[in-house]
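For reference, the structure is listed below as structure tokens.
The values are calculated or read from the model by the stated rules, or taken from the named source; none is laboratory data. Here the structure is a predicted model, which means the values were calculated and not measured. Virtual Cβ from ideal backbone geometry, glycine too; neighbours counted across all protein chains shown.
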Amino acid sequence: MTMTRTSFGVAAACLLLAGCARPPPPPPSISLAGKTCDSAPDTAAQRRTDLVMEKAAEVTFDNNSACLDVGANKVAYRVFGLPPAAEPSLVSVDSRPLGQGLFAPALQLLDANGKVVREIPRDAFSFHGTDIYAGFRTHPGEAYLVVASDPQSVGQQISKVMDTTAVTTAAAGPVFIAVHTGAESIPTFTYALNGTVTVVARPIPKVK
């Protein structure tokens, strides 16, 4: 059978699309059983991400992420080096869904020796759309931020009502009018050990 130029082009396009198709996101991970974890956050350079002022640092937690033994639980974590600054900064932590999973962070601030000096619990985070977000001001002596999964949240499910709106233009005789339409969805997420977290440090605006 002879393939025409048109059919060859269609076949090539199909192969190209198949090759570029993204794999589905991983399912929510809710257990680190059997994994060897650290007893305390490791602040060594190879295990941390150093923040640069006003530059977003994104980390995806997965099965290869570092973990901590926290009592009877194991949690995924990542250390962020706070930018050296003579004055405090504003730090934001944003966690967005990865498929049906949502990383629920709890935060710790460490001094230069790795000692915990402050904790910011999971309930300090609030929803912004489907993301969960928290912001805080650094204190003198804080050198590292630990972003860890909250052991009390992992495995819980939460449904979030989402409203979406769209504006289209329709002709009504000689004039055009804007038509507003909306829809409501209720996606369900599982607080998980995997997900994507973005951390940003910014200078505190000066009062003029």
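Would you check which residues across segment 54-88 are closer than 29 Å to Pro25 by Cα, free of Cβ contacts under 8 Å to residues at least 24 places away in the same chain and not small (Gly, Ala, Ser) and list them?
Asn64, the sole residue that qualifies.
Just checking, does segment 93-101 include any residue being under 17 Å from the mean Cα position of the chain (by Cα), surrounded by 21 or more Cβ atoms within 10 Å (Cβ to Cβ) and among the polar types (S, T, N, Q)? Give the steps one after another, and end with the answer.
The initial filter retains those residues of segment 93-101 that are under 17 Å from the mean Cα position of the chain (by Cα), namely 93-101.
Still in the running and surrounded by 21 or more Cβ atoms within 10 Å (Cβ to Cβ): 93, 95, 97-98, 101.
Retained after the next criterion (residues that are among the polar types (S, T, N, Q)): 95.
Yes, the conditions are met somewhere in segment 93-101.
Among Phe103, Phe127, which is the only one that is in contact with a Gly (Cβ under 7 Å, 6 or more places away or on another chain) and either aromatic (Phe, Trp, Tyr) or under 18 Å from Pro203 (Cβ atoms) (or both)?
Working: Phe127 fails: in contact with a Gly (Cβ under 7 Å, 6 or more places away or on another chain).
Of the residues listed, the single one that is in contact with a Gly (Cβ under 7 Å, 6 or more places away or on another chain) and either aromatic (Phe, Trp, Tyr) or under 18 Å from Pro203 (Cβ atoms) (or both) is Phe103.
Quick check on Phe127: is it modelled with pLDDT under 95, outside any loop (DSSP other than H, G, I, E, B), touching a Pro at 6+ places or on another chain (Cβ under 8 Å) and closer than 30 Å to Pro24 by Cβ? Even if it seems obvious, please write down each step before you answer.
Numbers: modelled with pLDDT under 95: yes; outside any loop (DSSP other than H, G, I, E, B): yes; touching a Pro at 6+ places or on another chain (Cβ under 8 Å): no; closer than 30 Å to Pro24 by Cβ: yes.
No: the conditions fail for Phe127.
Inside segment 3-32, can you point out the residues that are modelled with pLDDT of 85 or more, of a type in the set (Gly, Ala, Ser) and more than 30 Å from Asp111 (Cα to Cα)? Walk me through how you get there before you give the answer.
Taking segment 3-32 as the starting set, the residues that turn out to be modelled with pLDDT of 85 or more are 24, 26-32.
Next, only the ones that are of a type in the set (Gly, Ala, Ser) stay: 29, 31.
Across segment 3-32, the qualifying residue is only Ser29.
If I ask for residues that are loosely packed, with under 15 Cβ neighbours inside 10 Å, closer than 27 Å to Gly34 by Cβ and of a type in the set (D, E, K, R), which ones from segment 66-91 would you list?
Scanning segment 66-91 gives no hits.
Say whether the condition of being of a type in the set (Ser, Thr, Tyr), in a loop (DSSP other than H, G, I, E, B) and surrounded by fewer than 18 Cβ atoms within 10 Å (Cβ to Cβ) is met by at least one residue in segment 25-36. Steps first, answer last, please.
Step one: list which residues in segment 25-36 are of a type in the set (Ser, Thr, Tyr), which gives 29, 31, 36.
Then drop every residue that is not in a loop (DSSP other than H, G, I, E, B), which leaves 29, 31, 36.
Add one more test, that the residue is surrounded by fewer than 18 Cβ atoms within 10 Å (Cβ to Cβ), and what stays is 31, 36.
Yes, that holds for at least one residue.
I'd like to verify a number: residues in segment 61-87 that are closer than 21 Å to Val200 by Cα and modelled with pLDDT under 90, how many? Break it down into steps so the answer makes sense when it comes.
Filtering segment 61-87 for residues closer than 21 Å to Val200 by Cα gives 61-62, 65-66, 76-87.
Now restrict to residues that are modelled with pLDDT under 90: 84-87.
Of the residues in segment 61-87, 4 are closer than 21 Å to Val200 by Cα and modelled with pLDDT under 90.
For segment 64-86, which positions are out of contact with any strand residue (DSSP E or B) (no Cβ under 7 Å at 6 or more places or on another chain), farther than 18 Å from Pro105 by Cα and not small (Gly, Ala, Ser)?
Listed by number, the list holds a single entry, Pro84.
From the residues in segment 140-153 that are at pLDDT 95 or above and more than 21 Å from Asn194 (Cβ to Cβ), which one is surrounded by the fewest Cβ atoms within 10 Å (Cβ to Cβ)?
It comes out as Ala143.
Give segment 43-65 a look and list any residue that's surrounded by 17 or more Cβ atoms within 10 Å (Cβ to Cβ) and assigned to a loop (DSSP other than H, G, I, E, B), or say none.
Thr43, Leu51, Ser65 - these are the residues of segment 43-65 that are surrounded by 17 or more Cβ atoms within 10 Å (Cβ to Cβ) and assigned to a loop (DSSP other than H, G, I, E, B).
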